[in-house]
Amino acid sequence: MTNVSKHLSEFDLIKSYFAPLAASAEGAFGLTDDAAVITPPTGQSLVVTTDALVEGVHFLSDDTPQDIAAKLLRVSLSDLASMGAVPAFYSLAIAINSDISSDWLKAFAESLAADQAKFGITLIGGDTVSTPGPLTFSLTAMGLVGIGQELRRSGAQLGDDIWVSGTIGDGALGLRAATGEIADISDAHRNFLLSRYRRPQPRTLLGPELIGHVNAAIDISDGLIADLGHICATSKVGADIHIAAVPLSLEAQSITSK
């Protein structure tokens, strides 16, 4: 295996692994210019969100490049979905160390390509640097939504119901399973929870469909209580949660019932 940071220049790295991911974006210019040019369609707003992942903080050192790439893109896609935006473009900055091989980076890029096709989003730019520290990634995702139609945290009203689009707590339990904190669990349940931690499922189709039907929305990344608290704070309302009504997966139930 070839060590990327020692044998490829930044421009060679971009040309080899990332320029193909930008081939369909006209304003990306094949990643050969200093910046990309985006012109939103008439009547559309550009929704922009940025997330960062750091090795040892947001993913584990033994996570695969495929899982890291998927998580990196999907956490930002989830933010777009919570605003009701349709995915369009993203830019990517990576800080890689001497442990990264060409095979690792190839698998990382291939995973991004697969999710680009799945979620309808295209790379348009970014940066690559070397670091003596942990792997660090920053991704800025951009989506489109009708002007003034974006979903906000600040619109909740008295009497609103609280809904979630999936089961709660699987990602947190997946991290505990990955670090060995949960031992008494079947392989099937462990694999499900690990997939929820490593490859979240952004609601990119649901988000835009909620426009006109909900008053406020948020991506649940810090937990139901914390993120609902953000809605309450910005909307200046309170909330009652009926614990028994919080949806849990069968896998989570098998752990919490012990």
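Modelled spin-label separation between Ser186 and Val129, with each label point placed 7 Å from Cα along the Cα-to-Cβ direction: 4.8 nm. Of the DSSP H helices in the chain, those that are both long (alpha-carbon extent of 15 Å or more along the helix axis) and hydrophobic (Kyte-Doolittle mean at least -1.0) are 65-82, 102-119, 224-235.
For Ile124, the shell of other residues with beta-carbons less than 13 Å away shows a net charge of -4, using +1 for Lys and Arg and -1 for Asp and Glu.
Counting protein heavy atoms only, the chain has 54 percent of its accessible area on carbon and sulfur, 1.4 angstrom probe. Rounded, prolate or oblate: pick one for the range 82-164, where a ≥ b ≥ c are the square roots of the eigenvalues of its C-alpha gyration tensor, a/c under 1.5 means rounded, and failing that, prolate if a/b is larger than b/c, else oblate. Taking the square roots of the gyration eigenvalues as a ≥ b ≥ c, the range 82-164 is prolate. Give me the net charge for the shell around Leu194: Cβ to Cβ below 14 angstrom, other residues only, Lys and Arg +1, Asp and Glu -1. Taking every other residue near Leu194 into account, the sum is -1. Among residues other than Leu228 with Cβ under 15 Å from its Cβ, the summed charge is -3 (Lys and Arg +1, Asp and Glu -1).
With both residues required to sit in the chain, DSSP beta bridges show an antiparallel share near 70%. Quick check on the range 70-110: take the gyration tensor over C-alpha atoms, sort the square-rooted eigenvalues as a ≥ b ≥ c, and tell me if it's rounded (a/c under 1.5), prolate or oblate. It comes out prolate by the Cα gyration axes. FRET efficiency for Val237 and Asp62, Cβ-Cβ distance as r, R0 = 41 Å, nearest 0.05? Result of the calculation: an efficiency of 0.45.
What relative contact order, as a whole-number percentage, does the chain give when Cα pairs under 8 Å and 6 or more residues apart are counted? Each step should come with its number before you reach the end.
Working: 425 pairs, mean separation 66.5, N = 258.
Relative contact order here is 26 percent.
A Cβ-based charge dipole, computed about the Cα centre of the range 1-141 with Lys and Arg at +1 and Asp and Glu at -1, lands at about 220 debye. In whole angstrom, how far apart do the alpha carbon centroids of the range 37-109 and the range 118-195 sit? The range 37-109 and the range 118-195 have Cα centres spaced 11 Å from each other.
Think of a 1.4 Å ball rolled over the protein heavy atoms: the chain then has 53 Å² of accessible area per residue.
Only the Cβ atoms of Lys and Arg (+1) and of Asp and Glu (-1) were treated as charged; on that basis the dipole of the range 115-181 about its Cα centre amounts to roughly 80 debye. Projected label points at Lys15 and Asp99, each 7 Å from Cα along the beta carbon direction, are separated by 3.0 nanometres. Loop-located chymotrypsin sites (Phe, Trp or Tyr not before Pro) across the range 151-207 with a Cβ neighbour count of 15 or fewer within 10 Å are Trp163, with loop assigned by DSSP. Placing +1 on the Cβ of every Lys and Arg and -1 on the Cβ of every Asp and Glu, with nothing else charged, gives the chain a dipole about its Cα centre of roughly 260 debye.
The values are calculated or read from the model by the stated rules, or taken from the named source; none is laboratory data. Note that the coordinates shown come from a computational prediction; the quantities given were computed from them, not determined experimentally. All Cβ positions, glycine included, derive from the backbone under ideal geometry; neighbour counts span all protein chains shown. Areas reflect the complete protein model, heavy atoms only, side chains present, ligands, DNA and RNA absent. Shrake-Rupley method; radii C 1.70, N 1.55, O 1.52, S 1.80 Å.
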